[in-house]
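Colleague: Attaching a single structure in structure tokens format; questions to follow.
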């Protein structure tokens, strides 16, 4: 494994476990780098490191999501909500199942989005073309879908998957329990999309309140 990849994996774990106050020196040590300036050398700083970490993980995830989107388009399922939810959830769910707790990516993502650091989350980042394409399909299917409801959907999916990723490290949590939890996630994600807007949301959209 190359030095930059070791740094990315160490950073992912430390950020997930301890938050973003972790120093670059600590990350370099955890990655087994004798040069404590290795992170600056490879990534320039913490922002560059986080950007590279997203690119490292999101590239295959985006490829998988766009593959799923192409498949549902080929089968005329662009307006099928369960199929859209599946394309949304499946890439990350497959990642969690494949790594069984040895990847900290979803836990890192959960901590990051809740930190408020990710200003463009979740729709306008260059790291999310597959998500952006899927959001466009969701808005075609559900024109009244609000940005707030989409944000809640994203938070729900990320936090639940982070919990499943964490639970894989606990005794007794196996693939069967993970698959059951993922099935429930798909059901609740679909329910979030189809639930009626709150009266407050309806009132705001009618009166022009922000």
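Colleague: Looking at segment 68-83, I want the residues that are in contact (Cβ under 8 Å) with a residue 40 or more places away in the chain and have a partner that is surrounded by 13 or more Cβ atoms within 10 Å (Cβ to Cβ) and part of a loop (DSSP other than H, G, I, E, B) with Cβ atoms under 9 Å, at least 6 apart or on another chain. Which pairs are those?
Modeller: 69/78; 81/142
Colleague: Restricting attention to segment 28-47, which residues are surrounded by fewer than 21 Cβ atoms within 10 Å (Cβ to Cβ) and assigned to a helix (DSSP H, G or I)?
Modeller: Scanning segment 28-47 gives 29, 30, 40, 41, 42, 46, 47.
Colleague: On to the next question. Restricting to segment 97-128, name every residue that is modelled with pLDDT of 70 or more and over 11 Å from the mean Cα position of the chain (by Cα).
Modeller: Matches in segment 97-128: 97, 98, 99, 100, 101, 102, 103, 104, 114, 115, 116.
Colleague: Of the conditions (1) in contact with a helix residue (DSSP H, G or I) (Cβ under 9 Å, 6 or more places away or on another chain); (2) at pLDDT 95 or above; (3) not in a helix (DSSP H, G or I), residue 76 fails just one. Which one is it?
Modeller: Unmet for residue 76, out of (1) in contact with a helix residue (DSSP H, G or I) (Cβ under 9 Å, 6 or more places away or on another chain); (2) at pLDDT 95 or above; (3) not in a helix (DSSP H, G or I): (1).
Colleague: Looking only at segment 10-26, which residues are without any contact (Cβ under 8 Å) to a residue 60 or more places away in the chain, buried (at least 19 other Cβ atoms within 10 Å of the Cβ) and over 17 Å from residue 40 (Cβ atoms)?
Modeller: Residues satisfying the conditions do not exist here.
Colleague: With respect to residue 61, determine if the residue is modelled with pLDDT under 95 and part of a helix (DSSP H, G or I).
Modeller: Taking the combined requirement at face value, the residue satisfies it.
Colleague: Right, next: Being buried (at least 18 other Cβ atoms within 10 Å of the Cβ) and closer than 28 Å to residue 177 by Cα narrows it down to one of 50, 69, so name that one.
Modeller: 69
Colleague: Here are some conditions: (1) part of a loop (DSSP other than H, G, I, E, B); (2) touching a helix residue (DSSP H, G or I) at 6+ places or on another chain (Cβ under 7 Å); (3) modelled with pLDDT of 95 or more. Residue 87 meets all but one. Which one does it not meet?
Modeller: Only one criterion in (1) part of a loop (DSSP other than H, G, I, E, B); (2) touching a helix residue (DSSP H, G or I) at 6+ places or on another chain (Cβ under 7 Å); (3) modelled with pLDDT of 95 or more is unmet by residue 87, namely (1).
The values are calculated or read from the model by the stated rules, or taken from the named source; none is laboratory data. This is a predicted model, so every value here is computed, not measured. FYI the Cβ positions are ideal-geometry reconstructions off the backbone, even for glycines, and counts take in every protein chain you see.
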